[in-house]
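For reference, the structure is listed below as structure tokens.
What follows is calculated from the coordinates using simple rules that are stated; it is not laboratory data. What you see is a predicted model; the values in this text were computed from it and never measured. Cβ coordinates were reconstructed from backbone atoms using ideal geometry, including for glycine residues, and neighbour counts include every protein chain displayed.
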Amino acid sequence: MNKSFTVIIPCFNVEKYISKCLNSLINQDYDINLLQILVIDDGSTNDELKKIVNQYQEKYKNIEYYAKENNHWGSVINYVLKNKLAKNDYVSILDADDFLDKNCFKFINKKVKDNDVFSGSCKEWNGNKSFGYFSAYYFPFKRVIKKPLQKQTPICLPMLFFYKKEIFYKTKYLTEKIAHQDGDYTAQILKNSNTLIFTYKVIGYYFSLREGNSMNQAWDQKRFDAEYNSCKKFIENDVQELIAFRLNVKGFKTCCKERNIIFEVNRKFNFKWLPFGLNFIYKIYFHITGNYKFFKINNIKRDKNE
């Protein structure tokens, strides 16, 4: 039996991009009746987005539009959780400036089997053509991951992950009114899952260079506060390795150094999202760069299977 999918699209003043995003969903090589498309307008400052979506709704009854006050990306996820809007078998989030490959759902339906989470790969998009490549995992001899710390990954693009509805509804509410909540969200999804299947196949395109993309903002106090909040959530979710990875971003590392930031964690670092060999090399890199100096480790023993 073919699986059904819910796609959540957080929106704020994205009228330039929403048509391409929606077209990538309604033109899938898959039964459109098995798709639920939730467009959540996070307080856009004009009516253009609503007008465009309403035009699609006249033809496609599976597109739902909801408007709310602006409280950032995390509040959109909270809104869907609170109102229990996601109805289908598997759930994912697609930002309005990104889009999916036309065979995305057909491929996932074939590959996911009964695993809690499916993870695909994507290319970057600059508005005209694709380039680059993102995959959350690089294990050459396995495709299903069960160990908790192997499932966690610093590549936290929400569009790469599709997960059972039950996993989605285990998510704790995200922090509102600040950016960079996708890391906390993805970490929770992976922590609450038992099995994950991944593939190197490209299932979508990520518009990383878009003007206004939060990853391209200056490192002011506001951005640092958002990143620091995310790091505290990483520790709560037992994925401190993601903080180590974030410290490779020069701006964030500089801010932490200026503020004498020390993160208290409860175990040693292992970087198990990387396969053996790369895992060892990254541990060396972690020390050579001095990133280890930003942590105080409370050496608590852990189960060897983790």
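Normalised by residue number, the volume inside the convex hull of the Cα atoms of segment 217-297 is 92 Å³ per residue. Using 18 Å as the Cα-Cα cut-off, could you pick out the over-long pairs in Lys191/Lys233; Lys142/Lys268; Lys110/Lys201; Lys59/Lys129? From the list (Lys191/Lys233; Lys142/Lys268; Lys110/Lys201; Lys59/Lys129), the Cα-Cα distance tops 18 Å for Lys142/Lys268; Lys59/Lys129. If R0 is 30 Å, the Cβ-Cβ spacing of Glu176 and Phe131 corresponds to a FRET efficiency of close to 0.35.
Toward the positive end of the charge dipole of segment 217-297, with +1 on the Cβ of Lys and Arg and -1 on the Cβ of Asp and Glu, the farthest Cα among Gly251, Ile284, Ile297 is that of Ile284.
Separation of segment 65-133 from segment 244-277 is 27 Å, based on Cα centroids. For segment 44-153, the orientation-averaged shadow of the C-alpha convex hull comes to 9.9 nm² (one quarter of the hull surface).
Secondary structure note: in the chain, about 30% of the DSSP beta bridges are antiparallel.
Computed from the C-beta positions of Asp31 and Lys268 and an R0 of 45 Å, the FRET efficiency is 0.40 to the nearest 0.05.
Listed from fewest to most Cβ neighbours within 10 Å, the set Trp73, Trp125 follows the order Trp125, Trp73. The alpha-carbon of Lys123 sits under 14 angstrom from the alpha-carbons of these aspartates and glutamates, leaving out residues fewer than 8 places away in its chain: Asp97, Asp98, Asp101. The ellipsoid equivalent to the alpha-carbon distribution of segment 1-62 has semi-axes of 23, 11, 10 angstrom, derived from the gyration tensor eigenvalues as √(5λ) and listed largest first. For the modelled label position 7 Å from the Cα of Ile281 along Cα-to-Cβ, which residues of segment 125-144 have backbone nitrogen atoms closer than 20 Å? 132-142, by backbone N distance to the label point. Just to confirm a number: summing +1 for Lys and Arg and -1 for Asp and Glu over residues other than Lys165 whose beta-carbon lies under 14 angstrom from that of Lys165, what do you get? Within the 14 Å Cβ shell, the charges total +1.
With R₀ set to 25 Å, the beta-carbon distance separating Asn83 from Asn2 gives a calculated FRET efficiency near 0.45. Length available on full extension from Lys50 to Lys293: 0.36 nm per residue minus the Cα-Cα distance, which gives 82.6 nm. Using only the alpha-carbon atoms of the chain as identical scatterers, what base-10 log of I(q)/I(0) does the Debye formula give at q = 0.09, 0.13 Å⁻¹? Summing over Cα pairs of the chain leads to -0.45, -0.96.
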